[in-house]
1. So for the chain: antiparallel DSSP bridges make up what percent, rounded to the nearest 5?
2. For the residues Ser294, Ser94, what sequence is obtained by ranking on other C-beta atoms within 10 Å, fewest first?
3. May I have the extent of the alpha carbons of the stretch 1-150 along their three principal axes, as whole Å values ordered from largest to smallest?
4. How high is the FRET efficiency from Asn185 to Glu236, r the C-beta distance, R0 22 Å, rounded to 0.05?
5. Say we join alpha carbon atoms closer than 10 Å with springs in a Gaussian network model of the chain; which of Arg119, Arg66, Arg287 then has the biggest fluctuation?
6. Want the number for Glu78 to Arg307: 0.36 nm per residue separation, take away the alpha-carbon distance, what's left?
7. May I ask for the equivalent-ellipsoid semi-axes of the stretch 88-204, computed as the square root of five times each C-alpha gyration tensor eigenvalue and listed largest first in whole Å?
8. What FRET efficiency comes out for the pair Thr251/Met106, r = Cβ-Cβ distance, R0 = 35 Å, nearest 0.05?
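Since every read-out is calculated from the coordinates, none of them should be taken as a lab result. Please read all numbers here as calculations on a predicted model, not as lab measurements. Cβ: placed from backbone, ideal geometry, glycine included. Neighbour counts: every protein chain shown.
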Amino acid sequence: MDMSTGSEPVTIVGAGIAGAACAVVLRDADIPFRLVERGRSVGGRMASPELHGRRVDIGAGYFTVRDRAFTDVVGRWEDAGLARRWTDTFGVLSPGNSPTSSTGPMRWATPGGLRSLVRELLGDIGVDSEEITTVPDGDVVLAMPDPQANRLTPVPDPVGYDPVLTVVLGFDSLTLPFENAAFVNDHPVLEFLADDGARRGDGASVLVAHTTASLAREYLDHPDDAVAPVIDAVTEVIGSTPSWTHVHRWTFAKPVSAHASTFGCVQNRSSTLYFAGDQWSPGGPPRIESAWRSGSDAGRAVVDRRRR
Ligand SMILES: Cc1cc2nc3c(=O)[nH]c(=O)nc-3n(C[C@H](O)[C@H](O)[C@H](O)COP(=O)(O)OP(=O)(O)OC[C@H]3O[C@@H](n4cnc5c(N)ncnc54)[C@H](O)[C@@H]3O)c2cc1C
């Protein structure tokens, strides 16, 4: 039986920002739904666990705001003190060269960690803690990276993802050759360094290092072993050694390309499947704002189809 146009609850799988944005659209349209997340917390790659007494952004480090509708959401976060303009200028480091800097779009950061934004979006929307292993019948939104969705059902023309290892380094005190954060070019180990104390606004001596995809691939099965080469590389850049470290593996950190539409849709015999996430980003680099746009558009498509 085709249940996809019925009144059964929509299943949204994944409570990252794409799944949360989709849930908000369905709630506002009075469409019944169930939001399911396998992780211990919401937010997905907008992850801000507590380490050594304070929250640290170990996934996405900041966000940009180009999408007009997203501007309204960010304005609400800014008014509530949840998000703030951080900087439009990052350092640029490359081996053998003096540090320079590069100015780009305004980067936004959060005093309470990026996960707090997903929590705010969700408000009182409940999340069922469960790992989905079989696609349920009815309308289903898979709000996650294509390789994860592909484990449940074939994704049309799936986009691949690069891995990243995040190493958080705590120092007794920190003096950096850049302000706020730095892109690291042509380096075998490091790709990005962020001063988490500057980003969060509390001045803590905590540095967050993102590795290159090639180093992450090398250590994907044993990420703890990547800490030593990262410490060596960071010590070379900043001249001091950390007092503690924490490593996190992101197997599917960043899409290597993007779909040509903001969400996907496939009709099966027993379900209508919608695909959403940062990889559904025709208008720019796959980021937090593209994930929000994708989840919102997938939600609107579900609403339109149900009201037809
Ligand atoms: C190291 C790193 C640095 C980044 N830096 C930036 C940055 O500076 N700026 C920026 O804009 N973006 C950045 N990003 C990308 C940004 O984090 C993502 O674009 C955005 O968070 C994607 O959100 P999403 O909802 O599409 O996916 P996700 O956040 O990955 O959410 C998917 C959710 O689905 C859940 N899930 C998956 N499978 C199942 C299942 N079978 N059952 C139940 N739940 C499931 C997962 O647990 C997860 O919570 C970075 C990402 C990483 C990892």
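1. 65
2. So the ranking, lowest neighbour count to highest, is Ser94, Ser294.
3. Here the Cα extents, ordered largest to smallest, are 66, 33, 31 Å.
4. My answer for the efficiency is 0.90.
5. Highest fluctuation among the options: Arg66.
6. Stretched fully, the Glu78-Arg307 segment lengthens by 79.0 nm.
7. 36, 21, 13
8. That pair, Thr251 with Met106, gives E of 0.70.
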